[in-house]
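A short worksheet on the structure shown next.
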Amino acid sequence: METRRPAGNSRDRELTVTDDLLVDRHTLREQVRDKYREVALDPHRSYHFHTGRPLAARLGYATSVVDALPDRAVESFAGVANPFSLQRLEPGAFVVDIGSGAGFDSFIAASQVGRTGRVVGIDMTPEMVKKSRDTAAALGYDHVEFREGLAEAIPVDGGWADVVISNGAINLCADKHAVFAEIRRVLKPGGRLQFADIANGRPVPPDALRDVDLWTG
């Protein structure tokens with residue numbers, strides 16, 4: 001099989017958004033960056049969400065898979081479920097991981113797609129991107145790449161991915177229409193999305209919907 005690499009793309013383009021977003025997207029991004037910068041740099045302190053190996057076990061990741069990864073690949077993990085429980089990735093698949101953090105799900109994806117596949121992790125927190133890149137280098141995973149970017153403006157060429165995965169990141173984006181439009185753009189025809197996230201089935205007071213602190217808290 002021919003090994004293909006995604007074309008480098010450092011753009012940080014902004015899509016046209018509507019004026020009816022519930023919160024200011026720039027303010028929300030900065031608060032999310034601040035929080036996950038802390039998780040990258042100080043993963044063992046207490047947060048309002050679970051992290052690390054105990055969380056991976058709670059969410060049903062196979063112990064053998066998690067144990068195969070070094071601490072630095074797992075300690076900053078802060079997902080909400082296991083997107084791989086939906087379907088295992090095929091060998092040779094090209095995968096985009098939205099909100100890849102320190103790379104936990106990206107490294108699992110890399111082990112499933114093998115050396116003939118490719119994985120591109122996207123995260124907007126520089127400290128998370130650096131941590132994931134350092135871990136990939138330490139593991140010798142040259143089929144995994146991490147790029148700094150936004151879910152609303154994914155720095156990946158259109159029609160590149162067989163699968164897009166995400167774990168607890170889309171709920172932190174103000175403009176979800178833009179996120180799903182970007183996911184559709186980067187997927188090949190017939191590609192699929194496997195994501196885990198938080199959903200609320202109960203009515204939320206309008207004031208609470210517009211409270212940016214509640215989005216990140």
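Below, the figures for the structure above:
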| read-out | value |
| --- | --- |
| Residue pairs meeting the criteria (Cβ under 8 Å; at least 6 apart or on separate chains; first under 20 Å from ARG33 (Cβ atoms) and without any contact (Cβ under 8 Å) to a residue 60 or more places away in the chain, in the stretch 88-108; second polar (S, T, N, Q) and part of a helix (DSSP H, G or I)) | SER100/SER106; SER100/SER132; GLY103/SER132; GLY103/THR135; SER106/SER132 |
| So GLU148, is it over 18 Å from ALA57 (Cα atoms) and open to solvent by 10 Å² or more (accessible area, probe 1.4 Å) | yes |
| Those helices (runs of 4 or more DSSP H) lying entirely in the stretch 102-215 with at least 2 residues within 17 Å of the chain's Cα centre (by Cα) and not basic (Lys, Arg) | 104-113, 126-139, 176-186 |
| Count of residues meeting criterion [surrounded by fewer than 17 Cβ atoms within 10 Å (Cβ to Cβ) and assigned to a helix (DSSP H, G or I)] in the stretch 54-71 | 8 |
| Residue within the stretch 197-214 that is buried (at least 18 other Cβ atoms within 10 Å of the Cβ) and within 24 Å of LYS35 (Cα to Cα) present | no |
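The values are calculated or read from the model by the stated rules, or taken from the named source; none is laboratory data. No experiment lies behind these values; they were computed from the predicted model shown. Positions of Cβ are backbone-derived with ideal geometry, glycine not excepted, and every protein chain shown enters the neighbour counts. Side chains are part of the model used for accessible areas, which takes the heavy atoms of the whole protein and leaves out ligands, DNA and RNA. Shrake-Rupley method; radii C 1.70, N 1.55, O 1.52, S 1.80 Å.
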